[in-house]
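**Student:** Please see the structure below; I have some questions.
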Amino acid sequence: AGNAVLWEEQSDGVSFRLFPNRYQSSPLVEAGKSVLIPPPGQGDLSVQGPVGPRVLRLLILPPDRNPLESNTSWDELRRDAKEVRLVYEVKEKQ
C-alpha cells in the first residue's frame with residue numbers, strides 16, 4: 001500500500017493533477033489493487049489543450065507520506081517517492 005499522485009504536464013507548461021480527484025479523493029492505493037482513472041461509470045477521459053509532447057508522472061509514496069499536504073513541495077515529494085514517467089504526443093486532429 002502507498003499514497004499515489006498522478007500529474008499530467010502539457011506542452012505549454014500547464015500541469016494538473018489527475019489523481020486523487022473529485023471522484024477518488026484519497027491518495028491511498030491498496031497493495032495489489034488497480035485504480036482506474038476515471039473510475040468506472042464516471043465517463044471517458046478526454047485529451048484537450050495544445051498539441052505536442054505530454055508527460056504523465058505517477059509518484060508512489062510510503063503510506064505515512066500524504067502527497068496532498070499543502071506544505072510539501074514537488075521536489076520533496078519526488079525525493080521521497082518512486083516515480084513512473086510516461087511521455088506521449090498529442091497531434092492535430094486529422
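**Student:** For the subset of the stretch 80-94 comprising residues that are over 16 Å from the mean Cα position of the chain (by Cα) and open to solvent by 70 Å² or more (accessible area, probe 1.4 Å), which member is modelled with the lowest pLDDT?
**Tutor:** Out of the qualifying residues, it is Q94.
**Student:** With (1) outside any loop (DSSP other than H, G, I, E, B); (2) surrounded by 15 or more Cβ atoms within 10 Å (Cβ to Cβ) as the list, and P67 as the residue in question, which single condition is left unmet?
**Tutor:** If we test P67 against (1) outside any loop (DSSP other than H, G, I, E, B); (2) surrounded by 15 or more Cβ atoms within 10 Å (Cβ to Cβ), just (1) comes out false.
**Student:** Next question. Name every residue in the stretch 10-26 that is open to solvent by 80 Å² or more (accessible area, probe 1.4 Å) and either assigned to a strand (DSSP E or B) or more than 26 Å from P62 (Cα to Cα) (or both), in order of residue number.
**Tutor:** Scanning the stretch 10-26 gives D12, R17.
**Student:** Can you confirm whether L6 is free of Cβ contacts under 8 Å to residues at least 24 places away in the same chain and among the aliphatic types (A, V, I, L, M)?
**Tutor:** In short, no.
**Student:** While we're here: How many residues does the stretch 27-45 hold that are open to solvent by less than 80 Å² (accessible area, probe 1.4 Å) and closer than 20 Å to S15 by Cα?
**Tutor:** Result for the stretch 27-45: 3.
**Student:** Which pairs have Cβ atoms under 7 Å, sit 6 or more apart or on different chains, and link a residue in the stretch 50-79 that is in contact (Cβ under 8 Å) with a residue 40 or more places away in the chain and over 25 Å from E30 (Cβ atoms) to one that is surrounded by 15 or more Cβ atoms within 10 Å (Cβ to Cβ) and among the hydrophobic types (A, V, I, L, M, F, W, C)?
**Tutor:** Correct list of pairs: V51/V90; G52/V90; R54/V90.
The values are calculated or read from the model by the stated rules, or taken from the named source; none is laboratory data. None of these values were measured; they are calculated from a predicted model. Counting neighbours? That spans all protein chains shown, and the Cβs are built from the backbone with ideal geometry, glycine included. Accessible surface areas use protein heavy atoms only, side chains included; no ligands, DNA or RNA. Shrake-Rupley method; radii C 1.70, N 1.55, O 1.52, S 1.80 Å.
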